[in-house]
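Just so it is clear, none of the values below were taken in a lab; they were calculated from the coordinates. Computed from a predicted structure; not experimentally measured. We place every Cβ from the backbone using ideal geometry, glycine too, and count neighbours over all the protein chains shown.
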Amino acid sequence: MEPLVAPSLLSADFGNLSKDIEMINRSEADWLHLDIMDGVFVPNISFGFPVLKHVARLSCKPLDVHLMIVNPEKFIPEVKAIGAYVMNVHYEACTHLHRVVQQIREAGMKPAVTINPATPILMLKDILPEVYMVLVMGVNPGFGGQKFIEHTIDKVCELRELIQLSHSDALIEVDGGVNLDTGKRLIDAGADILVAGNAVFSAPVPEEMIHALKSL
């Protein structure tokens, strides 16, 4: 099965978002990945719900919303209101993760959990049967364009084994440092979804890069 590809809006041209979103709509991209940062959980601020409302109106692709924020459960209604398909929260940001996952599902969205590079895969063992997807960060979250952390490949392999042992159907998504080289190795390791920012938006023809990623 070919991988799903979710271009990350964080690397788009914020001076002309509608043009880049139209490109994604035309492309073979499966989802649109949206990184929301609060400057607290990660050392950066991206965009908030006023911008996301316009993005949701323009996008024809399902929205994969990744909350890099503290207390993400407070914003379940707002994420639901923009029509998100997936709501992604960090393991490290949720004191009561199981409850948050339940609340996301009850709101009608697909619940997903993200882990930072230093968080062991084994920490997900008890939550795997409850989630639609796990996002493995290939860089430390907060900034685009960082160098890929090689240990991510091993983490994806380990997560694939744990999913099978847990009798879970969870998908594996990877965000950070994804390009044609790392993307191929991640897919071979067991990843299902590739989030790509710089690789897509800095390409001479972004739609061709999306096609190439889907062909890995």
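Treating r as the C-beta distance of residue 58 and residue 184 and R0 as 35 Å, the FRET efficiency rounds to 0.70.
Close amide H pairs (under 5 Å, H built 1.01 Å from N) link residue 110 with 86, 87, residues at least 5 positions away or on another chain.
Please check: in the Gaussian network model of the chain (C-alpha springs, under 10 Å), which one of 51, 134, 70 has the largest mean-square fluctuation. In the Gaussian network model the winner is 51. Here the simple spin-label model places points 7 Å from the Cα toward Cβ, and for residue 22 and residue 96 these points are separated by 4.6 nm.
The charge dipole of the range 150-198, taken about the Cα centre with unit charges on the Cβ atoms of Lys, Arg (+1) and Asp, Glu (-1), comes to about 60 debye, rounded to the nearest 20.
Assuming R0 = 41 Å, what is the FRET efficiency of residue 40 and residue 154, from their Cβ-Cβ distance, to the nearest 0.05? Can you show the working numbers first?
Numbers: r = 30 Å, r/R0 = 0.72.
Here the calculated transfer efficiency is 0.85.
For the chain, the residue among 202, 27, 59 whose Cα projects farthest onto the positive side of the dipole built from Cβ charges is 59. Neighbours of residue 173, meaning other residues whose beta-carbon lies under 10 angstrom from its beta-carbon, give a summed charge of -3 when Lys and Arg score +1 and Asp and Glu score -1.
Among residues other than residue 141 whose Cβ falls under 12 Å from its Cβ, what is the net charge (Lys/Arg +1, Asp/Glu -1)? Summing Lys/Arg as +1 and Asp/Glu as -1 gives -4.
If R0 is taken as 25 Å, the Cβ-Cβ distance between residue 74 and residue 130 corresponds to a FRET efficiency of 0.80.
Counting only C-alpha contacts under 8 Å and six or more residues apart, can you give the relative contact order of the chain as a whole percent? So the answer I get is 23 percent. Bridging of residue 147 to aspartates and glutamates at a Cα separation below 12 Å is possible for 175, once same-chain residues fewer than 8 apart are set aside. Think of it as helices only: each DSSP H run of n ≥ 4 in the chain is worth -39500 (n - 2.57), and spread over all residues that comes to -10000 deg cm²/dmol at 222 nm.
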